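Enquirer: Sharing a structure, written as structure tokens. Questions coming.
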Amino acid sequence: MNLILLGPPGVGKGTQAKLLIDRFGIPQISTGDILRAAVKELTPMGIKAKGFMDSGALVPDEVVIGIVEERLAQPDCQKGFILDGFPRTVPQADALSLVLSGIGKKIDHVVSLSVDKGELLKRLTGRRACSKCGAGYHVDFAPSKVAGICDACGGELFQREDDKEETILNRLAVYEAQTSPLISYYQTAGLLRSVNGLGSVEGIQTEIVAVLQGAR
Ligand code: AP5
Ligand code: ZN
């Protein structure tokens, strides 16, 4: 199954993707995670991407399209994949269909998650991640047992550079202007499956699975 998770920053794409990996045995391709790893390793791509990411702007299309094209060619994507955070512009979506048709594949479903802006702000300002193992937390909704320390590995929790309130507001504006047109893009293509992103993580997962299995 070839999936896209679509939705604004903080809606829960990463959280839901992690659960879908186990359920369907297919990998998550998060352009945000790949770019953050490149920033950390100071690769030429990471150095170029950092300024865009820190301000909440999008990294240029050609950079992310290159990342995804390379990733999709890897053997673990043969059975399927979950695109998380890509595509984010109409040119990225057009490029994706070209790349996929070149390798005899297509997107099966685009799961569009939505919640209101107040909830997005709460989710993003409270998000924390483990600096050692990458596990995700939220100070109110999914707190670690000991504040600031990862339950899984004892690593220190940190806040993402772009999860400061003014950067979040910019990311949300960028989403509205550049990414939200993809909702009608994929609706027209007959691929859009809308899911309410408000509720428990497990409840939303059940709803996504039902939608993917055609039960709703
Ligand atoms: P990226 O890393 O993709 O960030 P994003 O799209 O802004 O999405 P997030 O990771 O912030 O949110 P999410 O929806 O995954 O939410 P999560 O599950 O973590 O991109 C970062 C940057 O990289 C971009 O700004 C851009 O510069 C660049 N970039 C990446 N891709 C690009 C592309 N294609 N083109 C150009 N540039 C690109 O959940 C958020 C919080 O809420 C967590 O704390 C979680 O615990 C909590 N939570 C989740 N679900 C629930 C729930 N049901 N109830 C309560 N809390 C919940
Ligand atoms: Zn950890």
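The values are calculated or read from the model by the stated rules, or taken from the named source; none is laboratory data. No experiment lies behind these values; they were computed from the predicted model shown. A quick note on method: Cβ atoms are made from the backbone with ideal geometry, for glycine too, and the neighbour counts reach across all protein chains shown. Each accessible area value is taken on the protein alone, full model and side chains, heavy atoms only, with ligands, DNA and RNA left out. Shrake-Rupley method; radii C 1.70, N 1.55, O 1.52, S 1.80 Å.
Enquirer: Got a sec? Which of Val99, Val110 is open to solvent by less than 70 Å² (accessible area, probe 1.4 Å), farther than 23 Å from Arg36 by Cβ and in contact with a helix residue (DSSP H, G or I) (Cβ under 6 Å, 6 or more places away or on another chain)?
Expert: Val110
Enquirer: I need the full set of residues from region 171-192 which are touching a helix residue (DSSP H, G or I) at 6+ places or on another chain (Cβ under 8 Å) and open to solvent by 60 Å² or more (accessible area, probe 1.4 Å), in order please.
Expert: Tyr185
Enquirer: I would also like to ask the following. For region 98-111, state whether one or more residues are within 13 Å of ligand 1 (Cβ to nearest atom) and either modelled with pLDDT of 95 or more or more than 27 Å from Gly66 (Cβ to Cβ) (or both).
Expert: yes
Enquirer: May I pose another question? Return only the number of the condition from (1) more than 9 Å from ligand 1 (Cβ to nearest atom); (2) aliphatic (A, V, I, L, M); (3) under 10 Å from the mean Cα position of the chain (by Cα) that Val11 does not satisfy.
Expert: In the conditions (1) more than 9 Å from ligand 1 (Cβ to nearest atom); (2) aliphatic (A, V, I, L, M); (3) under 10 Å from the mean Cα position of the chain (by Cα), Val11 misses (1) alone.
Enquirer: Next question, about the same structure. Would you say Thr89 is within 12 Å of ligand 1 (Cβ to nearest atom) and either modelled with pLDDT under 95 or open to solvent by 40 Å² or more (accessible area, probe 1.4 Å) (or both)?
Expert: Judged against the criteria, Thr89 is not a match.
Enquirer: If you don't mind, another one. Give region 122-154 a look and list any residue that's closer than 17 Å to Val201 by Cα, within 15 Å of ligand 2 (Cβ to nearest atom), assigned to a loop (DSSP other than H, G, I, E, B) and open to solvent by less than 60 Å² (accessible area, probe 1.4 Å), or say none.
Expert: Of everything in region 122-154, those that are closer than 17 Å to Val201 by Cα, within 15 Å of ligand 2 (Cβ to nearest atom), assigned to a loop (DSSP other than H, G, I, E, B) and open to solvent by less than 60 Å² (accessible area, probe 1.4 Å) turn out to be Ala135, Ser144.
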